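K.L.:
Would you mind keeping the following structure in view while I ask a few things?
Each value in this text was obtained by applying a stated rule to the coordinates, not by laboratory testing. From a predicted model like this one, the values you see are computed outputs, not experimental measurements. Cβ sites come from the backbone with ideal geometry, for glycine too, and all protein chains shown count toward neighbours.
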Amino acid sequence: MNRREWSARPNRESLSRRNRALRDFVHARDGACVYCRSMTNLQVDHIIPRSMGGTDDPNWIVAACRSCNTSRQAKPIHEWERYARRKGIKFSI
């Protein structure tokens, strides 16, 4: 099956549509970055990184600004908190 056939298969929800719905839900629920309370450049952040087995369950995803999300990368929260304190990143967990 080529890409066009895969995209045109019937009765499927677009992955990007599901991702947008999840992002919109998380942004509406949290309203601002859960780490620093910034309201600009919001992204979604997996509390347990996907590389460590995290899922797309909305209970395990939070809103995070681009700065916090990129500095956290795939670090667990407690490790990133120590890193953020050393680097002087302001956060309000």
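K.L.:
Under 14 Å from the Cβ of Arg29, count the other residues' Cβ atoms, weight Lys and Arg +1, Asp and Glu -1, and hand me the total.
P.N.:
Values: positive: Arg23; negative: Asp24, Asp30, Asp45, Asp57.
Counting the neighbours of Arg29, the net charge comes to -3.
K.L.:
Using DSSP to call loops (not H, G, I, E or B), can you name the trypsin sites (Lys or Arg not before Pro) in segment 41-93 whose Cβ has at most 11 other Cβ atoms within 10 angstrom?
P.N.:
Details: sites: Arg50, Arg66, Arg72, Arg82, Arg85, Arg86, Lys87, Lys90; in loops: Lys90.
Here the trypsin sites (Lys or Arg not before Pro) that fit, given the DSSP loop and packing criteria, are Lys90.
K.L.:
Next question. Can you list the residues, at least 5 places off or on another chain, whose amide H is less than 5 Å from the amide H of Gln43, using H built in the peptide plane?
P.N.:
Those lying under 5 Å, H to H, from Gln43 are Ala64, Cys65, Arg66.
K.L.:
Give me the extension gain from Arg50 to Arg18: residue separation times 0.36 nm, minus the current Cα-Cα distance, reported in nm with one decimal. Kindly include the intermediate steps, with their values, before the conclusion.
P.N.:
Details: separation 32, 0.36 × 32 = 11.52 nm, distance 1.69 nm.
The Arg50-Arg18 span can extend by a further 9.8 nm.
K.L.:
Give me the net charge for the shell around Cys65: Cβ to Cβ below 13 angstrom, other residues only, Lys and Arg +1, Asp and Glu -1. Mind showing how you got there, number by number?
P.N.:
Numbers: positive: Arg37, Arg66, Arg72, Lys90; negative: Asp30, Asp45.
Result for the local shell: +2.
K.L.:
Quick one: in segment 16-93, what % of C-alpha pairs are over 13 Å apart?
P.N.:
Working: 1931 of 3003 pairs.
Pairs farther apart than 13 Å: 64 percent.
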